[in-house]
1. May I ask you to say which residue of Gly228, Gly197, Gly223 is more than 16 Å from the ligand (Cβ to nearest atom), more than 18 Å from the chain's Cα centre (by Cα) and within 23 Å of His99 (Cα to Cα)?
2. Which residue pairs have Cβ atoms closer than 7 Å, lie 6 or more positions apart in sequence or on different chains, and pair a first residue in segment 8-26 that is in a helix (DSSP H, G or I) with a second residue that is among the acidic types (Asp, Glu)?
3. Just checking, does segment 127-150 include any residue being within 14 Å of the chain's Cα centre (by Cα), over 20 Å from Trp176 (Cα atoms) and among the small types (Gly, Ala, Ser)?
4. Which one of these is at pLDDT 95 or above, part of a loop (DSSP other than H, G, I, E, B) and under 21 Å from the mean Cα position of the chain (by Cα): Thr80, Thr73?
5. Restricting the first residue to segment 115-129 and requiring it to be within 24 Å of Glu83 (Cα to Cα), which pairs with a second residue that is modelled with pLDDT of 90 or more and within 8 Å of the ligand (Cβ to nearest atom) meet a Cβ separation below 6 Å and a spacing of at least six or different chains?
6. How many residues are within 14 Å of the ligand (Cβ to nearest atom) and either among the basic types (Lys, Arg) or touching a helix residue (DSSP H, G or I) at 6+ places or on another chain (Cβ under 8 Å) (or both) when one looks only at segment 97-145?
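The values are calculated or read from the model by the stated rules, or taken from the named source; none is laboratory data. Predicted model only: the values in this text are computed from it and were never measured. All Cβ positions, even for glycine, are placed from backbone atoms using ideal geometry, and neighbour counts span all protein chains on display.
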Amino acid sequence: MSVGILGAGALGQLMAHALQEQGHNVTLLRRPGHADARHSHRLTPLSGPDRCHPISHRASDQPQALSTVLVLTKAQDCLTALEPLLNWLPADVPIVLLHNGMGPQQAAVERWPGHTWWAGSLTDGALAHSSTHVRHTGQGIRKAGPLSDPPTDAALPAPLADAGFEFDNAIVTALWQKLTVNLLINPLTARDRVCNGSLLNEAYRDELRALSEEVALVGRALGQPERGSHILDRALTVAQATAQNRSSMLQDVEAGRPTELDAITGYLIRQADELGLPCPHHRRLYRQLASAQ
Ligand code: KPL
């Protein structure tokens, strides 16, 4: 049995290496029509010399024996990427949604309710130098838990435990907390084209405080009560741990790719609209970035 990974970007490649190094067979699940192949993938770790692993590539519409599927596509690509796989994947194979932002997780469960859905978050920094070479730029926190409602007592699938994920039975709260980090770091770094660590600069403090207070306001109304200062501290801790990293949104902007703005700032604004909350700083950031795409 293999662990299937949908999404061969920086984090998809990083997880493929982490799993191979723990003795798992990994298959990168590519678009329908992709010919079977085995490529040598290179990892530049946080320290020490580069390491290479051979990794299989197979089309996602080809039935194959998979123990677990990790979904590391961009948020906006997740549902489309899942479709060919869900035509044949047995319902009891755990599918772990690990993209940034919120919205697609709930949409996947609603659209394919019979499957075994998990979700998670990872705050590692990673940079894809090419489709077969990734650099690990920051050690992060990795969490996953069942998405089914109410939460089941299921244990963490073995590949996740081996890749350093912690079990979290309140994963929606963890997703929200990761979203709060992405809400503060990603749009600002993408707008100003700076590394995560630049946000530690005093020049950003007022804007970050205002953004954090707006997130806290929406969070409270959604049953995620947290002070703005906690939200800010968490984002600054991640910015420090990934100081040299270019956020995924900045990498997308620089490469001219669509960003996850809609699943990050867009998600917050949609919630604020439903709740009748203003969020002017996030709306302005959204407009600045949406017009740049
Ligand atoms: O998740 C990230 C991202 O870039 O999308 C962080 C944690 C901000 C690391 O860069």
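1. Just a single option satisfies the conditions, and that option is Gly223.
2. Within 7 Å, the pairs are Leu11/Asp124; Leu14/Asp124; Leu19/Asp162.
3. no
4. The match here is Thr73.
5. Ser121/Lys178
6. 22
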